[in-house]
Structure formats: C-alpha cells, structure tokens
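Rule-based calculations on the coordinates, nothing more; no lab input. This one's a predicted model, so the numbers in the text were calculated from it and none came from an experiment. Ideal geometry is used to build each Cβ from the backbone, glycine not excepted, and the neighbour counts take in all protein chains shown.
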C-alpha cells in the first residue's frame with residue numbers, strides 16, 4: 001500500500017496520507033456487561049458517527065445528511081430516519097415488511113422474493129354535481145326552492161326508510 005499513516009495506542013489508523021483524518025470513540029463503558037467500543041470510528045473528515053453499547057451505528061452524518069438508526073432488543077434495525085422521513089422495518093423472526101416514509105411497502109416473502117407496493121396517488125375527482133334548490137308547496141312534491149332534506153322526504157314519502165342529509 002502506498003502512502004503512510006499513524007496508529008494510536010491500540011492500533012487504529014489515525015492519520016493516513018490521504019486528505020481525510022479519522023477519529024475513534026473514546027472507550028465507551030456500557031451497563032450490564034456490554035463491551036466497550038474503542039474500535040468505532042467517530043469521525044472521518046467532516047463526517048461523524050455515533051454508536052450504541054451493542055456496537056450498532058445509531059447516528060451518522062455524511063455530506064451534511066443525518067441518518068438516525070434504531071434497533072430492537074434482538075439487535076435488528078427497526079427504523080432509519082433521514083430528512084425525507086422514516087423507513088420502518090417489521091419482523092416475525094425474519095424481516096418481513098419495510099415501510100417507506102411515503103407509505104410504500106416492500107414485503108419480503110423469502111430470500112429470493114420480495115413484493116413492492118408503491119404508493120399510488122388517488123386521481124383527482126372528475127365530473128360535476130349539480131344541486132338545484134326548489135320550493136316545497138306541502139303537497140308532497142318538491143317544487144321550486146325546497147331543501148335537499150325536503151326533497152329526500154318527498155322522494156321517499158311512501159317508504160319506511162329514513163334518509164338523512
């Protein structure tokens with residue numbers, strides 16, 4: 001390998017000959033017997049990274065875009081959040097559904113088959129509806145100026161149905 005680099009006390013590369021510098025997390029002590037994380041890169045150039053006590057990358061900022069990842073008790077990713085929204089993952093022992101920020105879904109049937117359900121916007125309503133106001137002359141028929149409620153009653157005068165508008 002051409003170039004040079006410096007190592008820290010435990011052997012991590014800290015200064016390669018390239019234009020990017022690297023920084024590593026200080027030892028992060030975790031509760032309940034979880035390990036420390038001296039190996040995790042916390043910065044590379046202008047990019048930065050954060051980790052949980054299981055070693056999962058929970059936050060990354062790359063090229064000014066922030067990603068936040070969450071994990072469940074079985075160490076599976078449950079969500080990835082970006083400026084455009086959150087993508088969620090649903091499990092039943094295996095990852096079976098991915099729900100995008102727009103509501104689109106990918107269903108994982110098995111290792112070789114996945115079904116995509118994109119969000120299809122509803123078409124705008126078309127056509128016109130005309131309402132004409134008529135008057136009721138109390139003869140059971142709807143004449144000029146009667147309301148929609150009265151028109152409904154007149155149309156259903158001989159019916160037991162109760163139509164409400």
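Things worth noting here:
- Rounded FRET efficiency, nearest 0.05, which uses the C-beta distance separating residue 122 from residue 47 and R0 of 45 Å: 0.65
- Three-way shape label, the range 72-121, alpha-carbon gyration tensor, a/c 1.5: oblate
- Each peptide among 112-122, 93-103 gets the average number of other Cβ atoms lying within 10 Å of its residues, and from highest to lowest they stand as 93-103, 112-122.
- The range 72-121: relative contact order as a whole-number percent, Cα under 8 Å and 6+ apart: 20
- Rough spin-label spacing in nm, given labels placed 7 Å along Cα→Cβ, for residue 80 and residue 59: 1.9
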